[in-house]
Every structure is written in C-alpha cells, then in structure tokens.
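The values are calculated or read from the model by the stated rules, or taken from the named source; none is laboratory data. All of these numbers come straight from a predicted model, not from anything done at the bench. Here the Cβ is made from the backbone with ideal geometry for all residues, glycine too, and neighbour counts use every protein chain on show.
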Amino acid sequence: MSTRSTIDSEQQRCFVLAPNMAPDWRQNVRFFAVTSVVVLGIALAFTWHGFWPILPFAGLELMALGAALYVSARRSLDREVIYISDSRICVEKGRGRVQRRWEMQPAWTEVVLRQLPRRWEHTQLVLRTRGTELELGSFLDADERKSLARELGRCVGPMGGGGSISSRPAAAEVFREADESPVTPDKTRLGDRAS
C-alpha cells in the first residue's frame, strides 16, 4: 500500500491510497517481451526438431502470463483519495480517473474499524454517516487499515479535535512532506502514486 497525506493552505487534509504494486506498465511490457522471446525461441527450437506440440502450449502459457500482467497493471492504477476540510469530507475512487465520488459532513461522520467474523485477522474500515457506510482501503492490510483509521479518527467526527483541522497543527506536521506542493481536488484525475 502506498499512502500520502498532505495539508494545503486552506487547511484541507488529503489522503491518497494506492495498492503497493511495484511494476508499472512499461516494466510489465518489457518483462513480457523478454519472456516471450525466450519462451518462443525455445519452443521454435523444439518444433524445428520435430516436437511440434510444445509450440501451442508455449503460446497458451504466454497468453496466460499476458492476461495476468494486464490485470496486475490495471489494478495498480486503483486510487482512493480522501479530502478532509472543516466543512466537508470528499472521497473519490477510481482507476486512473475519478469514477465515483462521495461527500459527507465531518461532524456527522464516524470512522469505524470492525473485525470481520469468520475471517482471521481481517478488518474493514468504513466511514459511516446518516445510515450509510462507505468502505475505504479494501486493498490495505490490517495494520495499514488500523493506522489509517487512527489518523482519520483524529480529524473526523464530533470527537475529532473539535471539528477543526486548524486546531491540530502538530498532527498535521507529522504528515507534511517537505517537497510536497499544496493539494487541491481535481475533478478528472485521482492522486498520483507516492514514490
């Protein structure tokens, strides 16, 4: 998992959640190309010597590998961006661009981290407001969800520091990165993956 939290000049806190999948699209294409050359070279050599059934199986293996790399690369584009200000909470989810968006009032929103029955050590993090629930960080592990719940709980809800982000500069400074520029919500793109 990759997360980033920043605060801009309007006292808006931003959390960017992304799955921790190291290879990007170019690396996957290079890996697939090199693997294809090696596998097809070996298969063609065996076909030349009369072992022709190897060639179709090599092709099937390469198709399965290509499909797995494609699915992995697409999932690495998943993002969840949470903007929290004194007046609203905005959650955007999508793959490369904003696909779904929710807005909530911080004073009426509760951060809930629940233990799921029948699943060993598995938790679920939700924002609950006025009878509706929104799950966050489904791709996070239990420790990461717990850490995120703790940080969200500090700035969300009636007990989250009086409802004012500006009254909590110490907690804000912990998450400020020295080289980060101010973050403002973009309607078309989700947050970039932290490096």
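For Gly131, the criteria (1) modelled with pLDDT under 85; (2) surrounded by fewer than 17 Cβ atoms within 10 Å (Cβ to Cβ); (3) in contact with a strand residue (DSSP E or B) (Cβ under 9 Å, 6 or more places away or on another chain) hold in every case but one, which is (3). Within the stretch 76-101, the set of residues being among the basic types (Lys, Arg) and surrounded by 13 or more Cβ atoms within 10 Å (Cβ to Cβ) comprises Arg79, Arg88, Lys93, Arg95, Arg97, Arg101.
Conditions tested, residue by residue: (1) without any contact (Cβ under 8 Å) to a residue 12 or more places away in the chain; (2) in the same structural domain as Leu148 (by TED's automatic domain parsing); (3) within 17 Å of Cys155 (Cβ to Cβ).
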{"site": "Leu44", "(1), (2), (3)": "yes, no, no"}
{"site": "Leu55", "(1), (2), (3)": "no, no, no"}
{"site": "Leu60", "(1), (2), (3)": "yes, no, no"}
{"site": "Val71", "(1), (2), (3)": "yes, no, no"}
{"site": "Ser85", "(1), (2), (3)": "no, yes, yes"}
{"site": "Ile89", "(1), (2), (3)": "no, yes, yes"}
{"site": "Gly94", "(1), (2), (3)": "no, yes, no"}
{"site": "Gln105", "(1), (2), (3)": "no, yes, yes"}
{"site": "Glu133", "(1), (2), (3)": "no, yes, no"}
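Taken over the stretch 52-91, the residue count meeting the criterion of being closer than 21 Å to Pro23 by Cα and part of a helix (DSSP H, G or I) is 15.
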